[in-house]
Amino acid sequence: MLEHAYALLPEEWKTVCREHALPAFRAKQILLGLYQDKISNWNELTTLPGTIREKFASIFPLTAMQEVVRTPITGDGVTKVLLEAPDGQRVETVWIPADGRITQCISSQVGCAMHCAFCASGQLGCVRSLSAGEIVSEVLTLSRATGQYPNNIVVMGMGEPFMNYDAVLRALRVLNCQQGANIGARHITISTCGVVPGINRLANEGVQFELSVSLHAPSDMLRSKLMPVNRRWNIHELLEACDAYTKTTGRIVTYEYTLIDHVNDRPAHAAELIRLLHGRKARVNLIPLSPVDEFDGRTPSQADCLAFLDTLLKSGIHTTMRRSRGKQANAACGQLRLHNQKETRHGTENF
C-alpha cells in the first residue's frame, strides 16, 4: 500500500532521503514544500531533481481531499465544507472563526458506528476510517483555500477518533510538529464518546493534546438511551479512566454535555451531574442541542440553559456554555453529508 506524503513525520522523511541516497537537506526541502508552499503535486517542488519528483509521485501520493460543496458563510463566519476522497467517500470539516482565531473541526471517519441518538454522523453508519494522510489533507485543503492554517484543531467531526486511533494520532503529530503545520499541542483537542481503551492509551503517549469526553447524561440509564457506547463502558468505568488520565498527564478533562429539552436539562439532572463530578478535576462544556431531523429532541429555552449553567457554576464546577454557531451552515456533526447523501439518492445533487 502506498504511503500518503502527508502521513510521514520529519524523521521519517530523513530516513526516506537516506534510502534514496539523497542528502539530508532534501528532507527539509520536502517539508517546506508540503507545509509552507503547500504544493498540490510533486512537480511543483522544483528544488528536487526531476527524477526524484517522478519517483516520489509514484511512491508517496499527494492526492488531496477535494472540495465538493461548501455552505454559505454564516453571519458569524462559520462555514462547513464537504470533502471527497479519491474513492468518492465524503467527510465534513468546519471552519470556525472567533476572536481573531480560527478553529477547524475535522473528521476521523466516513460516518460513525457509535450511533449517538442526536448525532447525524451515525445515521448512515461508518463506511471506513480515514488514513492519516487524509486527515492531514482536511487541514491542508482548507489552508490552501483560505491562505492560513487554523490556530486550533478539534477532532470533533464525523467519526469516533479512538476507533481510528493510530491514524488520528499520526495525523495530529504531523499537524503539531514544527516542520508541519506547527499547531501547538495544547491547541489540539481529541473528542471521544467514551471509548475507555483509547483514553487509557492516550494517557501514556506523552503528548499534550487536550481530551474532551462526550458525557451528555448524569446516569447510566439515560446515557445508555442516548449513547449506546455506555452499554460497553459505563459512566463509572469512563470516569475512572478519565481520573487516571488526569493523574498521569496532569491535564484536565473537558466533559461535553448536550442539553436536550426535558430529557437531560432539568434541575434534578444538574444536581446529579454535580454529584457525579464533585471532587474531580473537570471542566463542563454545555451545548444546546442542534436539532437533526432523525432525532425528535428539541433545543431547551435559553432560560433553561442558563439555569443549568448557573447551577453548575454555583457548585464550583468550571462550566462554560458553547455559543450556538453555524446553524445556517448545517454545522451539527454529519448534517451536511447526510443531507447531501439524501439528495444524491433522489437525483437532485447539483453543484
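The values are calculated or read from the model by the stated rules, or taken from the named source; none is laboratory data. From a predicted model like this one, the values you see are computed outputs, not experimental measurements. Using ideal geometry, Cβ is built from the backbone for each residue, glycine included, and neighbour counts are taken over all protein chains shown. In case anyone asks, the SASA skips ligands and DNA or RNA and just uses the protein heavy atoms, side chains included. Shrake-Rupley method; radii C 1.70, N 1.55, O 1.52, S 1.80 Å.
Hey, rough spin-label estimate for A307 and R128, points 7 angstrom out along Cα→Cβ, what's it come to in nanometres?
5.0
Take the Cβ-Cβ distance between K247 and N41 as r, set R0 to 41 Å, and report the resulting FRET efficiency rounded to the nearest 0.05. Don't skip to the answer; put the middle values down first.
Numbers: r = 47 Å, r/R0 = 1.15.
It comes out at approximately 0.30.
Only residues of segment 128-160 count here: report those whose backbone N is under 20 Å from the spot 7 Å along Cα→Cβ of R283, or say none.
Counting backbone N atoms under 20 Å from the label point, the list is 150-157.
With every protein chain in place, what's the accessible area of H187 (1.4 Å probe, Å², nearest 10)?
Ignoring ligands and nucleic acids, H187 comes out at about 70 Å².
If you take every residue apart from N164 with its C-beta less than 14 Å away from the C-beta of N164, what net charge results, scoring Lys and Arg +1 and Asp and Glu -1?
Within the 14 Å Cβ shell, the charges total -1.
How much of the accessible area of the chain, probe 1.4 Å, is carbon plus sulfur, in whole percent? Could you put the intermediate results ahead of the total?
On the way: 7910 of 15730 Å².
Ligands and nucleic acids excluded, carbon and sulfur give 50 percent.
Between K225 and H115, what is 0.36 nm times their sequence separation minus the Cα-Cα distance? Round to one decimal in nm.
Answer, rounded to one decimal: 38.6 nm.
Per residue, how much accessible area does the chain show when a 1.4 Å probe rolls over the protein heavy atoms, in square angstrom?
The answer is 45 Å² per residue.
Mind listing the long-range amide H neighbours of R128? Cut-off is under 5 Å, sequence gap 5 or more, other chains count too, H placed in the peptide plane at 1.01 Å from N.
V110
Among 227-235, 273-281, what's the highest-first ranking by average C-beta atoms within 10 angstrom per residue?
Taking the mean over residues of other Cβ atoms within 10 Å, the ranking is 227-235, 273-281.
Helix-derived [θ] at 222 nm for the chain: sum -39500 (n - 2.57) over DSSP H runs of at least 4, divide by residue count, nearest 500?
One gets -10500 deg cm²/dmol as the mean residue ellipticity at 222 nm.
How big is the gap, in Å, between the Cα center of segment 251-313 and the Cα center of segment 1-74?
So the separation of the two Cα centres works out to 44 Å.
Of the listed peptides 190-196, 50-56, what is their order by residue-averaged count of other C-beta atoms within 10 Å, with the highest listed first?
190-196, 50-56
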